[in-house]
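Everything on this sheet refers to the single structure shown next.
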Amino acid sequence: MRYFIYLSYDGAGYHGWQVQPNGNSIQAELNRALSIYTAQNIETIGAGRTDAGVNARLMVAHFDIDTELDVMTTTNRMNRILPQSIAVHKLVRVRDDAHARFSAISRTYQYYIHTDRDPFNRQYSFRVTYPLDFEKMNIAAKKLFNYTDFTSFSKLHTDTKTNDCKIMKAEWVDGCFTIKADRFLRNMVRAIVGTLLDVGRGQISVEEFCKIVEQKNRCSAGMSVPGNALFLTDIEYDDEIFSIHNLK
C-alpha cells in the first residue's frame, strides 16, 4: 500500500531534503520516524529536493508499507517522534502507482526579501540594502513565460536529463517573489531571484535579462541568493491518484 505524507519543515540546520552521507537531512529524519513507528524499514521519496537551509510550508513524500495505517494515529505519533523543526500534517492513501515526484502537476516556491534592518526578519527573509524597481522586476519576471530552457539558472553538473521547465506564474508582491512551474532545476529559484534583483537595482536591463536566459550559461546569470528565505509552498496533483476506486 502506498501513502502520501504531507509535512512542513524549517530547513535551518539540515543539509537539504535528500539523505546525505555526511550530514542530517529532512528525508533521513522522516525515514527514521516512520521506521520507528511502523517497526519496518521505511524509505520515503519526496516531491523534490530542497537545498540546504531551504524551508517548506508543504512537502509531499510517498512510501510503501504492507499494512494499512490509521492515518490520524500515524500523524499524531509521527509528530511525537520527529524533531520540532518538522511537522507532519496528514497521511493519504493513494494509488500504488502514484508518485510524489513524477505525479506532481506543479510546484510553487516563494522567496522573501526585506529592506529595513530587522532582527526578527533575518531568519526567513533576505535583507536587500539597495533600492529596487519592482515594476521592472515584474516585467522581467513575465519574460520567463517566453522560455522553456532554463540552463542559465541551473546548478552545474546535475543529473537531470533536460533543463526544460514550464513556468506558470512569476511575480513580486510586497517583497515576496512567487514562482510556479511544472518542475524546477537545482538552484533555479535562487538564481532567478538573484538575477531579478540585478534588474531591480539597475545593473541589467529587462532586455539583458532575456539575453541571459537565452545564453543558457549559468555564469551569465546573477548570484544565488541565500536559501533561508526560500519556501516550498505548494505541490499539486491530479485528483485521480487519490480515488479509492482506483486503489490496487
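So here's what we get for this one:
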read-out	value
Lone qualifier among GLN40, GLN27 - being touching a Gly at 6+ places or on another chain (Cβ under 7 Å) and closer than 23 Å to ASP70 by Cα	GLN27
Extreme residue, surrounded by the fewest Cβ atoms within 10 Å (Cβ to Cβ), among residues of region 116-130 that are in contact (Cβ under 8 Å) with a residue 40 or more places away in the chain and among the polar types (S, T, N, Q)	GLN123
Conditions (1) modelled with pLDDT of 95 or more; (2) over 23 Å from THR50 (Cα atoms); (3) out of contact with any Phe, Trp or Tyr (no Cβ under 7 Å at 6 or more places or on another chain): number failed by SER220	(1)
Among the candidates GLU135, GLU171, residue that is more than 15 Å from the chain's Cα centre (by Cα), surrounded by fewer than 17 Cβ atoms within 10 Å (Cβ to Cβ) and part of a strand (DSSP E or B)	GLU171
Failed item, numbered, when THR115 is tested on (1) over 17 Å from the mean Cα position of the chain (by Cα); (2) among the hydroxyl-bearing types (Ser, Thr, Tyr); (3) at pLDDT 95 or above	(3)
Residue that is surrounded by the most Cβ atoms within 10 Å (Cβ to Cβ), among those in region 76-105 that are under 14 Å from ALA47 (Cα atoms) and in contact (Cβ under 8 Å) with a residue 24 or more places away in the chain	ALA100
All positions within region 54-67 that are surrounded by fewer than 19 Cβ atoms within 10 Å (Cβ to Cβ) and at pLDDT 95 or above	ARG57, LEU58, ASP64, ILE65
Selection within region 198-210 - under 16 Å from LYS142 (Cβ atoms) and either assigned to a helix (DSSP H, G or I) or not assigned by TED's automatic domain parsing to the domain that holds CYS165 (or both)	VAL199, GLY200, VAL206, GLU207, GLU208, PHE209, CYS210
Enumeration of residues in region 25-42 that are in a loop (DSSP other than H, G, I, E, B) and surrounded by 15 or more Cβ atoms within 10 Å (Cβ to Cβ)	SER25, ILE42
Hey, LYS166 among the basic types (Lys, Arg), within 21 Å of TYR109 (Cα to Cα) and free of Cβ contacts under 8 Å to residues at least 60 places away in the same chain or not	yes
Failed criterion for CYS219 (all others in (1) farther than 26 Å from PHE4 by Cα; (2) buried (at least 19 other Cβ atoms within 10 Å of the Cβ) hold)	(2)
Enumeration of residues in region 43-53 that are touching a residue at least 24 places away in the same chain (Cβ under 8 Å) and surrounded by fewer than 19 Cβ atoms within 10 Å (Cβ to Cβ)	ILE45, ARG49, ALA52, GLY53
Verdict on GLY194 being closer than 27 Å to ASP133 by Cα and part of a helix (DSSP H, G or I)	yes
Test for PHE209: is it closer than 27 Å to GLY13 by Cα, surrounded by 15 or more Cβ atoms within 10 Å (Cβ to Cβ) and modelled with pLDDT of 95 or more	no
Residue in region 62-71 that is in a helix (DSSP H, G or I), over 14 Å from TYR9 (Cβ atoms) and over 17 Å from the mean Cα position of the chain (by Cα) present	yes
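The values are calculated or read from the model by the stated rules, or taken from the named source; none is laboratory data. Computed from a predicted model, the values in this text were never measured in an experiment. Glycine also receives a Cβ, built like all others from the backbone with ideal geometry; neighbour counts cover every protein chain displayed.
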